[in-house]
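Below is one structure, written out as structure tokens, with a few remarks after it.
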Protein chains: 2
Amino acid sequence: MSDISSNGGSGGGPSGRIGIGLDLDATHLKILEVLRENGRISVSALADRVGISRANAYTRFEALRADGAIKRFTAEIDHVRTGLGITALIFVTVRQQMWRQFRAELARMPEVEYCAITTGQHDAMIQVRMADVAEVHAMVTDRLANIPAVKATETVFILDEVLRRPYVLPSDREKTRAPRRTVQEERGDVPLGKMRFVGAAEGRAALRKDD
Amino acid sequence: MSDISSNGGSGGGPSGRIGIGLDLDATHLKILEVLRENGRISVSALADRVGISRANAYTRFEALRADGAIKRFTAEIDHVRTGLGITALIFVTVRQQMWRQFRAELARMPEVEYCAITTGQHDAMIQVRMADVAEVHAMVTDRLANIPAVKATETVFILDEVLRRPYVLPSDREKTRAPRRTVQEERGDVPLGKMRFVGAAEGRAALRKDD
DNA sequence: GTTGAAATTAGTACGAA
DNA sequence: TTCGTACTAATTTCAAC
């Protein structure tokens, strides 16, 4: 299976650099911003929107692609219209040292739209799209449960998808309106009791793809 | 905030029809299949790949757009390259009758890439992209915790994104290789003890956007 | 990094099968 | 409906600045 990631496995350190290849300037981000809204815009129109020349836009566009900053272009579709109106999240606990098998089985499940390895109580979360709830049930009981690597599952249904941004950009942060207090000010008098962080548990082992 | 959904609120019933507007035939699905891989393909090239005439491709392409089956086109980007290499899932318990406020606050958080209302222990799941873990912490403690509508949160980090399909299509199902047994055969002798479905709890109330 | 002109390709309209 | 063609408009490429 092909890895799409991405995330630094050694999550803790603040040592992450942005530009291993290309380092993105404000113009690059502006380009991505436009492409996020309209992935089919012509490079000419893109140049206009961003305020650069066409040749420059072509160069940067190609650089973003070549560098891998842009992974691919895609269409966003309405799942209800295609008959897969039921979405579920399945949290999976994976038997240690069976990650390879788990990943292999995942590759055989085209109804899985997303799979991430997480810290916390479970080891992975997968999102599936199905025609009806019965199919979700069948998927969990017949397919997932039969994978020896799967120790346990927990399924929740998605009732509504409130928000989906194609992706988040660093420049988005400045758009935050009316922050009641700044991050600095607030430090310390937060009702910490309300929240809970879930530690990595055995999750770290998950990062070792070959076990 | 704008709703992207989608999911039938009355999840249970198998009464869902596909084509409220357009009803998609095999050719439509083929088009979507191509567009999923390459959202920037020209309509001419699309016509070739699908095996229809250019004119027909234009007609169908436009129909899919107009119908809403295709919601938009977008670029998929590498979060690490843009400096937002840390991804976290925050499970939120929302105080009843405060959904409207919760949604309003969400709209102010551009670092939220995805938010779904779920059944189960929590009421919503949000996915955020940040530069480092400290920022996730700040987000949860300073911003989310200050929203009165938020009763509690639980945060897990994403260690790896193993798989992301732009979307799932009904036609994907046939690609499932080597199914050990069919769904029908297997019914009954599944180790049900391994899994657990989490009921809707108070989640249903979440569907009423105006409370 | 920009501009402008040639070559190519995309989008549209329409008649025929 | 779908296809094929001809027509118009736009985009991409490539050159020189």
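Given the criteria open to solvent by less than 50 Å² (accessible area, probe 1.4 Å), within 16 Å of DNA strand D (Cβ to nearest atom) and more than 21 Å from the chain's Cα centre (by Cα), does B:R60 qualify? Yes; evaluated as a whole, the condition is true for this residue.
The rows are residues; the columns are (1) among the charged types (D, E, K, R); (2) surrounded by 20 or more Cβ atoms within 10 Å (Cβ to Cβ); (3) modelled with pLDDT of 95 or more; (4) assigned to a loop (DSSP other than H, G, I, E, B).
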site: A:I4; (1), (2), (3), (4): no, no, no, yes
site: A:G11; (1), (2), (3), (4): no, yes, no, yes
site: A:P14; (1), (2), (3), (4): no, no, no, yes
site: A:R17; (1), (2), (3), (4): yes, no, no, yes
site: A:V34; (1), (2), (3), (4): no, no, yes, no
site: A:R49; (1), (2), (3), (4): yes, no, yes, no
site: A:N56; (1), (2), (3), (4): no, no, yes, no
site: A:R65; (1), (2), (3), (4): yes, no, yes, no
site: A:Q96; (1), (2), (3), (4): no, no, no, yes
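Filtering region A:68-104 to residues that are more than 7 Å from every other protein chain (Cβ to nearest Cβ) and in contact with a Phe, Trp or Tyr (Cβ under 6 Å, 6 or more places away or on another chain) leaves A:A88, A:V94.
Anything in region B:30-49 that is within 11 Å of chain A (Cβ to nearest Cβ), charged (D, E, K, R) and more than 21 Å from A:H79 (Cβ to Cβ)? List them, or say none. The answer is B:R40, and nothing else.
Among residues of region A:75-90 being open to solvent by less than 10 Å² (accessible area, probe 1.4 Å), β-branched (V, I, T) and assigned to a strand (DSSP E or B), the one that is nearest to B:A63 (Cα to Cα) is A:I77. Screening the candidates B:I70, B:I41, B:I147 for the property of being away from DNA strand D (no atom under 16 Å from the Cβ) and within 22 Å of B:V168 (Cα to Cα) yields one hit, B:I70. Applying the criterion of being surrounded by 15 or more Cβ atoms within 10 Å (Cβ to Cβ) and aliphatic (A, V, I, L, M) to the residues of region B:19-32, the residue that is modelled with the lowest pLDDT is B:L22.
The values are calculated or read from the model by the stated rules, or taken from the named source; none is laboratory data. Bear in mind that the values here come from a model prediction, so they are computed numbers and not experimental data. Counting neighbours? That spans all protein chains shown, and the Cβs are built from the backbone with ideal geometry, glycine included. Note: areas computed on protein heavy atoms with side chains; ligands, DNA, RNA excluded. Shrake-Rupley method; radii C 1.70, N 1.55, O 1.52, S 1.80 Å.
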